[in-house]
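Working notes, beginning with the structure itself.
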Amino acid sequence: MNDAQALFREGVLALKEQRDVARARQLITQSLKLDPNNEMAWLWLSRTTDDPARKLQCVERALKINPANDQALALREKLAGGGMSSAAAAPPAPPKRSSIHDRLENASLVHHDTPPEPPAAPPAPAARAPQFMQPEPEVDAAQDPPPEFEALRDLVPEEAIESTQSVKTQNDRLTPEEERQIEKHLAAAEARLAAEDEEAAVEQYVYALQIQVDHPQVMQRAVRLLHQMKYTEDAQELLNRAIEAGTPSLAIHLTAIDVNRMLGNYSKADVLREKVVQMDAIDDAGILKIIDSLLNDVQGARAIELLEKALVKRPNSHDLLMKMADILEDQGRKVQAMGYYERAARAGKRGNRKQADRVLQTFIPVITDHERGSVVLALREAAGFTAAYLFMAWQDSGLNLLRMSPGHWLGVGLSLVGGYCVVTAFSSPQQKGLAALFGGQVPAEPEGGKHTQQVEVKPWEEDIAMPSGPLQDPTSLPILPGWARMIFALVGMALLGVAFYLVFNRAIPLLLNPVEPEIPSILDFIGEG
Amino acid sequence: MDAFGALISFALAVLLVLFEMSVIYPLPLSDIGAVRYRTMPTMTYLLIIVNALVFIAWQAPDIYGVELDSYRDLQPYMDKIWTYGYRDVFMTEGLSIGAFTTFTSMFMHGDIWHLFGNMIFLWAFGRRLEDACGPWRYLLFYLTAGMVANLGSVVLNPVQGELPSVGASGAIAGVMGAFLVLFPRARIQCLWFIGMILWIPYRAITRQENIFSRYIVLPAGLFLLYFAFRELLPSLETITQGDNVGGVNNLAHLLGFAAGPLILLFVRKDLLVRFITRRAV
């Protein structure tokens with residue numbers, strides 16, 4: 001049994017057994033706030049007043065819910081024929097309505113299978129006061145209940161009391177009847193709006209939301225209307241009810257975030273943000289919008305937290321990775337930023353990958369001037385040439401290292417010098433002393449400058465790829481002038497050429513005049529390397 | 001058989017060979033993870049193209065372009081292998097083109113599947129290495145590793161003047177050894193049919209999305225050390241008995257692989273500094 005039915009039963013008992021009319025009226029009124037479609041409650045409420053007009057009003061409400069209710073029909077007939085002329089002649093009092101907030105209260109997270117039918121036509125606007133502001137009906141009946149109502153208690157079937165079911169969300173399929181009901185409420189709301197009766201329109205929206213708590217069309221119109229009417233808190237409540245019911249609607253969540261922020265309920269908005277960024281329905285653009293709103297509120301740390309949560313579900317989202325990297329870089333956390341830029345570059349498609357690459361260019365590892373000017377490092381590269389030439393000479397000398405001729409060794413030595421010249425020309429033109437000797441000058445800083453910060457990390461770890469790029473960082477070391485580099489290059493290549501001739505001094509004549517080896521039959525086996 | 005039929009047959013054969021190559025042992029396809037090539041691997045492309053052209057334009061007509069009435073029709077193919085393949089007698093006795101065969105042999109292959117397998121490995125490991133070295137240093141390292149493989153495989157082989165050795169596998173093994181030195185924690189995407197089946201329960205337990213993925217990702221260190229281990233025993237057999245097991249020069253593979261640390265002479269300066277100082281950014 002739900003709260004509405006319990007209140008209703010208590011109210012009936014208060015009236016019948018305790019004769020406490022005031023308490024009965026209070027309980028039944030509360031019951032009707034939770035469930036305004038309980039026709040029996042309306043009839044019992046009529047017993048708590050001795051005002052014929054109000055009695056008739058309650059009966060009319062019951063009949064609106066169930067036009068075939070015999071008890072209600074009989075009571076209306078009796079009220080109409082028993083000295084109700086003055087009441088009938090007078091303009092009907094406006095139907096009892098609670099405020100919009102009360103309507104929202106009524107929009108409990110349960111609904112009945114037969115929500116109230118919308119009125120066929122909107123009443124004239126002039127006949128209505130701002131109903132949501134009207135006080136609760138004052139029922140001043142302190143009299144015994146009429147005997148004709150005694151039987152009504154038994155007319156409330158247990159099935160009806162237990163007929164509620166869990167509220168539906170967009171996750172649930174609506175029955176055709178429910179869809180029809182929602183359409184009716186929407187149409188009624190439109191009619192009310194056309195009659196400039198916004199409060200009544202809201203009421204219809206609330207009825208519709210009792211059927212499906214997060215119906216997108218209804219929710220959108222209701223929230224918009226409530227906001228226009230300056231009842232943003234009521235809109236917030238509608239949204240929160242839908243969220244509490246487990247709506248999967250992203251739009252409702254996003255709207256709820258905005259409304260909560262608007263009302264200064266920042267903690268609630270933040271909880272919603274955290275939920276939203278982990279939803280399947282949201283796309284990257286939506287998450288970024290949320291993150292941007294946090295950044296606008298100077299909540300960078302929270303933005304990072306939410307991005308981390310979002311990235312758990314979307315580890316390869318280029319845009320989220322880029323945003324994370326940007327935020328981290330803005331906070332001066334360059335190592336972490338580089339990791340995210342790397343991930344973004346890997347995750348991005350061909351087009352937007354360049355974006356991360358461009359940013360990474362500013363993270364190009366900077367070799368220090370000490371390393372730029374290092375002669376040892378230059379010789380290290382020259383040694384690569386020497387190693388290659390040594391193996392050439394070794395083979396040319398009949399595969400015997402000890403039989404290498406002075407020419408071979410000379411060739412190997414020249415390869416070191418030639419290699420050094422080539423390396424100096426191309427990859428180490430800033431060796432200390434050398435550049436100054438040839439009149440070199442400090443190169444201008446590249447456009448845009450470069451990051452020079454050095455941070456200790458494990459550079460060869462899987463998660464941080466080995467950065468690469470040209471050596472364009474600011475330097476105070478002079479660089480060899482172009483003409484000198486050209487000379488080094490030409491001399492180096494010439495020396496390497498001579499060295500090549502020397503280390504292959506046996507093979508080159510063979511290349512020009514090969515000696516036919518003895519070739520076995522095809523039937524012999526061929527080894528593959 | 002018309003051209004279309006031949007093409008279909010070739011495609012089917014490629015699939016069959018891929019299956020054969022990857023059914024027992026993992027076949028590396030690419031490195032993944034933190035891999036991004038900021039430079040186009042032009043030299044890797046070029047090496048693949050040159051190897052393919054040498055075979056297709058120069059060797060293949062002698063194998064696939066003749067009516068095979070008898071094995072003797074393959075003699076021209078045999079002549080090229082025995083003239084430009086790598087044999088110790090060419091250096092010791094000054095035959096053929098002498099020590100230049102160290103280069104010619106590196107670009108020759110026994111058949112199209114030999115070429116195919118080698119190029120897959122070059123593709124899988126070469127690109128990242130070229131990115132770390134730049135194309136010319138990478139080429140110099142590739143040739144040096146190939147020379148080490150050739151030279152060592154005849155110097156350590158007690159039997160002289162035996163079969164010629166052809167193929168890029170020594171140089172490519174050097175690329176793999178260098179990859180191990182520089183990127184031991186990289187991850188290699190492999191095609192491995194047995195592994196695929198073995199991985200299914202693991203993927204199911206760890207609730208991975210694609211349980212039946214045909215790819216297996218292995219740590220580079222594990223894959224490459226296993227590669228070296230597989231080459232070790234046959235290489236020892238060659239060193240002790242002077243025989244190439246099954247016609248495959250495992251010793252050249254192993255020695256090429258052992259030339260990997262030479263990469264430290266060829267890798268770019270800024271990256272070497274980072275490697276030594278463990279500094280980044």
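The values are calculated or read from the model by the stated rules, or taken from the named source; none is laboratory data. These figures come from a predicted structure and were not determined experimentally. Using ideal geometry, Cβ is built from the backbone for each residue, glycine included, and neighbour counts are taken over all protein chains shown. For accessibility, only protein heavy atoms count, side chains too; no ligands or nucleic acids. Shrake-Rupley method; radii C 1.70, N 1.55, O 1.52, S 1.80 Å.
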List, by residue number, every residue in region B:46-93 with a reduction of 50 Å² or greater in accessible area between the chain on its own and the complete protein assembly, 1.4 Å probe. B:Met78, B:Trp82, B:Met91
State, as an integer percentage, the relative contact order of chain B based on alpha-carbon contacts under 8 Å between residues 6 or more apart. 24 percent
Could you order peptides B:45-51, B:207-213 by the average number of other Cβ atoms within 10 Å of their residues, highest first? B:45-51, B:207-213
Can you give the accessible area of A:Val223 in Å² (nearest 10), computed on protein heavy atoms with a 1.4 Å probe? 20 Å²
B:Leu29's amide H: which non-local residues (gap 5+, or another chain) put their own amide H closer than 5 Å, with H modeled 1.01 Å from N in plane and none for Pro or chain starts? B:Gln189, B:Cys190, B:Leu191
Work through the residues other than A:Glu381 whose Cβ is under 10 Å from its Cβ and net out their charges, Lys, Arg +1 and Asp, Glu -1. +4
Sequence of A:Trp483, A:Trp44, B:Trp199 when ordered by accessible area, the most exposed leading, probe 1.4 angstrom: A:Trp483, B:Trp199, A:Trp44
When the Karplus curve 6.51 cos²θ - 1.76 cosθ + 1.60 is applied with θ = phi - 60°, which whole-Hz ³J(HN,Hα) does each residue of region A:43-53 get, with x for Gly and Pro? 5, 5, 5, 4, 6, 8, 9, 10, 7, x, 4
Surface accessible to a 1.4 Å probe, A:Phe391 within the full protein complex, Å²: 30 Å²
For residues of A:398-408, the mean tally of beta carbons on other chains within 10 Å: 2
With a ≥ b ≥ c from the Cα gyration tensor eigenvalues, square-rooted, and the rule rounded for a/c under 1.5, otherwise prolate when a/b > b/c and oblate otherwise, chain B is oblate
B versus A: buried accessible surface, summed, Å² (probe 1.4 Å, to nearest 100): 6700 Å²
For region B:124-240 the mean separation of alpha carbon contacts under 8 Å (6+ apart) over residue count, i.e. relative contact order in percent, is 27 percent
Expressed in nanometres to one decimal, the distance between label points 7 Å along Cα→Cβ at B:Phe19 and A:Val442 is 6.8 nm
Taking H as built 1.01 Å from N, whose amide H comes closer than 5 Å to the amide H of A:Ile479, not counting residues under 5 places away? A:Gln441, A:Val442
Determine the gain in length on full extension of the stretch A:Arg224-A:Glu196; use 0.36 nm per residue of separation and subtract their C-alpha separation, reporting nm with one decimal. 8.6 nm
Quick tally, 1.4 Å probe accessible area for B:Trp192, B:Trp136, sorted with the most first, runs B:Trp136, B:Trp192
Averaged over residues of A:509-520, the number of beta carbons from other chains lying within 10 Å of each residue's Cβ is 6
Please report the accessible area of A:Glu39 (heavy atoms, 1.4 Å probe, ligands and nucleic acids excluded) in Å², nearest 10. 40 Å²
Starting with the highest mean, order A:501-509, B:230-238 by the number of other Cβ atoms within 10 Å, averaged over the residues of each peptide. A:501-509, B:230-238
Over all residues in B:95-108, what is the mean tally of Cβ atoms on other chains that come within 10 Å of each residue's Cβ? 6
Dividing the alpha-carbon Rg of region A:198-361 by 2.2 N^0.38 Å yields what? 1.23
Under-5 Å amide H pairs with B:Val248, H placed in peptide plane, nonlocal only: A:Glu528
